[in-house]
Amino acid sequence: MPYAGTPWIRQGQLITDGGKRIVVGSSAWFVWLQTATSFCYQPDNSADRLTARKEKRGHQFYWYGYAKNAAKLHNVYLGKSEQLTRVRLDQACARLGDKAMRESGY
């Protein structure tokens, strides 16, 4: 489970504290990402999920996705804020799942 207070994105939508819905990939989404530091994402019809965190590398901020499996933390590069689309997040969840399965020997 994510930390309490971490925003969740399910069915392609973020629901803010005020109850406002923001669709991933919309202009409001990219505005929201400018001030966000982390969120949890779960693709439709999937148990996979990731926690995305904005991290400073050099002079710029980049997003990384993290998921824990069998007590091991796996990560994947997501890109800059302007690259965070629903398709990219879905692909990242799949990559994290594949990575976890390869390392667990399944």
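The values are calculated or read from the model by the stated rules, or taken from the named source; none is laboratory data. All values reported here derive from a predicted model rather than from experimental measurement. Glycine also receives a Cβ, built like all others from the backbone with ideal geometry; neighbour counts cover every protein chain displayed. Ligands, DNA and RNA are excluded from the accessible area calculation, which covers all protein heavy atoms including side chains. Shrake-Rupley method; radii C 1.70, N 1.55, O 1.52, S 1.80 Å.
Here are the numbers:
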| read-out | value |
| --- | --- |
| By average C-beta atoms within 10 angstrom, highest first, the peptides 9-16, 54-61 | 9-16, 54-61 |
| Segment 1-61: relative contact order in percent, alpha carbon pairs under 8 Å with at least 6 residues between | 29 |
| Sulfur and carbon atoms: percent of accessible area, the chain [1.4 Å] | 50 |
| Solvent exposure ordering (accessible area, 1.4 Å, most first) of TRP63, TRP8 | TRP8, TRP63 |
| Reach of LYS80 by Cα under 18 Å, taken over lysines that are not fewer than 8 positions away in the same chain | LYS54, LYS56 |
| Rounded to 10°, Cα long-axis angle of helix 86-104 versus longest principal axis of the chain | 20 |
| Mean ellipticity per residue at 222 nm, deg cm²/dmol - from DSSP H runs of n ≥ 4 across the chain, formula -39500 (n - 2.57) | -8500 deg cm²/dmol |
| Listed residues ASP98, ASP90, ASP17 arranged by accessible area, highest first, probe 1.4 Å | ASP17, ASP98, ASP90 |
| The chain, relative contact order [Cα under 8 Å, separation at least 6], % | 20 |
| Accessible surface, per residue, of the chain when the full set of protein chains is kept, probe 1.4 Å, Å² | 64 |
